[in-house]
Each structure stands twice: as structure tokens, then as C-alpha cells.
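In what follows, a structure is listed as C-alpha cells, so that the remarks can point back to it.
The values are calculated or read from the model by the stated rules, or taken from the named source; none is laboratory data. Because the structure is a prediction, the values reported are computed rather than measured. Because the Cβ atoms are built from the backbone with ideal geometry, glycine has one as well, and the counts that use them run over all protein chains shown.
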Amino acid sequence: MTFKAKMEYLESIYGRYKKAPKKEKSVIFTEFCLNCNYHRKHAIRLLNNFKRFAKPKLKKRGRTFCDRTIKTYLAGSKPALL
């Protein structure tokens, strides 16, 4: 089973897993582990943290300026800031 197929299967099973009572979750979970050939711990993490179109958020670094640039800016003339 390819990774893409496993993710599609996870997507199809996710809603059913979240709505099911505890006994049915066990059956669904065992089925998922056997079909995808995942260890139970890995499958638990996938089912608990499944986010469908999540993109990682990039942290942007703030601008840093040297002392000379700050002094000339405060003096009144605007330097060419990058």
C-alpha cells in the first residue's frame, strides 16, 4: 500500500473513528493497523492528530540593523534598507 493510499484510507476512516464509542474504536483501530501495517502507537498518533489540509506555519525573523544604519536613520536621512 502506497503512502498516498494510506492517507486516503486514514481520511475515510477518521470521521467514523471519532464518532464511534470505545468498543467500536478498538475494532476500527485494529482494522486500520492491519490494513496499513502500522504499529499501534503510530496509528494512534495519526488518528489523534490528523489534519486534512494543514500546512506548516513558517516563522519569520524580524529585521536586524547595524548601529550605523540606526544612527543615520535617527539623524534624519533615510538609508536604503533591504
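Some notes on this structure:
- Some residue of segment 29-41 being among the aliphatic types (A, V, I, L, M), assigned to a helix (DSSP H, G or I) and either surrounded by 10 or more Cβ atoms within 10 Å (Cβ to Cβ) or modelled with pLDDT of 75 or more (or both): yes
- Residue list for segment 19-30, restricted to those being touching a residue at least 12 places away in the same chain (Cβ under 8 Å) and out of contact with any Lys or Arg (no Cβ under 7 Å at 6 or more places or on another chain): F29
- Among the residues of segment 42-60, those that are basic (K, R), assigned to a loop (DSSP other than H, G, I, E, B) and modelled with pLDDT of 75 or more comprise K59, K60.
- When residues of segment 15-26 are limited to those that are under 13 Å from I44 (Cα atoms) and not charged (D, E, K, R), the one modelled with the highest pLDDT: S26
- Hey, F3 modelled with pLDDT under 90, touching a helix residue (DSSP H, G or I) at 6+ places or on another chain (Cβ under 7 Å) and either of a type in the set (F, W, Y) or surrounded by 14 or more Cβ atoms within 10 Å (Cβ to Cβ) (or both) or not: no
- Residue tally, condition of a type outside the set (S, T, Y) and over 15 Å from K6 (Cα atoms), over segment 19-37: 8
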